[in-house]
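In what follows, a single structure is set out as structure tokens and then discussed.
Please treat every number below as a calculation from the coordinates, not as lab data. Worth saying up front: this structure is predicted, and the values here are computed from it rather than measured. We place every Cβ from the backbone using ideal geometry, glycine too, and count neighbours over all the protein chains shown.
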Amino acid sequence: MTDFIDFKTFKRPARPNNWLVAPDGFVDAALPDESAPVFDRTPDALFEDIMQMIAARRDWKIKASDPASGRISFIAVTKLLRFKDDVDILVLPVEGHDHQSTLAIYSGSRVGYSDLGTNGKRVNDLLTALAMP
């Protein structure tokens, strides 16, 4: 099984070729680029929606997933230069709200210094698609 990112202790690279979204106060060792949204569906439903989105993309390939812990790891290949980026997701319940969920998501380039906004765009496109009913 792939080693999933431990978001609680994760330390981001200093290079600007990555993007992190997490619930407020969830990540201790890294400063997120954005706060994670809350979705009006259970963690299991959100997990399944993400898995379906990944499966529908030819340029995304699952490395590992664990529905019991809400963890997903996949590789995203950039269109122009075919660079491989690593994406890790942790689906989380919203405390006190059984039918709501949130997530932590990290997308990082394997090579290079800058990604020209690719990882941030990927994460935000994913979040936008998940926000649609």
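Could you work out the helix-only [θ] at 222 nm for the chain, with each DSSP H run of four or more residues adding -39,500 (n - 2.57) and the total divided by the number of residues, to the nearest 500 deg cm²/dmol?
Value at 222 nm, helices only: -6500 deg cm²/dmol.
How high is the relative contact order of segment 22-131, given as a whole-number percent (alpha carbon pairs under 8 Å, six or more residues apart)?
25
For segment 41-110, just the Cα atoms, rotate onto the principal axes and tell me the three extents in Å, largest first.
Principal-axis extents of the Cα atoms in segment 41-110, largest first: 44, 21, 18 Å.
So what's the net charge close to Gln100: Lys and Arg +1, Asp and Glu -1, counting the other residues with Cβ under 9 Å from its Cβ?
Its environment carries a net charge of -1.
Go through segment 34-110 and name the GluC sites (Glu not before Pro) that are in a DSSP coil and have 13 or fewer other Cβ atoms within 10 Å of their Cβ.
Filter output for segment 34-110: Glu95.
Among Pro13, Pro67, Pro37, whose mean-square fluctuation peaks in a Gaussian network model of the chain (Cα, cutoff 10 Å)?
Largest GNM mean-square fluctuation: Pro13.
Would you mind checking the pairs Lys11/Lys79; Lys61/Lys121; Lys79/Lys121; Lys8/Lys121; Lys8/Lys61 and listing those with alpha carbons more than 21 angstrom apart?
Lys11/Lys79; Lys8/Lys121; Lys8/Lys61
Looking only at trypsin sites (Lys or Arg not before Pro) in DSSP loops with at most 16 other Cβ atoms within 10 Å, what is the longest site-free stretch of the chain?
My reading of the result: 12-40 is the longest stretch.
Would you tally the net charge around Thr42, using a Cβ to Cβ cut-off of less than 10 Å, leaving Thr42 out, and scoring K and R as +1, D and E as -1?
Here the count lands on -3.
Taking the Cα centre of the chain as the origin, how large is its charge dipole in debye, to the nearest 20, when only Lys and Arg (+1) and Asp and Glu (-1) carry charge on their Cβ atoms?
820
To the nearest 10 degrees, how steeply does helix 43-55 sit against the main Cα axis of the chain, on a 0 to 90 scale?
30
Report the paramagnetic label zone for Arg41: residues of segment 114-133 whose backbone N is under 14 Å from a point 7 Å from Cα along the Cα-to-Cβ axis.
Only 126-133 fall inside the zone, counting backbone N under 14 Å.
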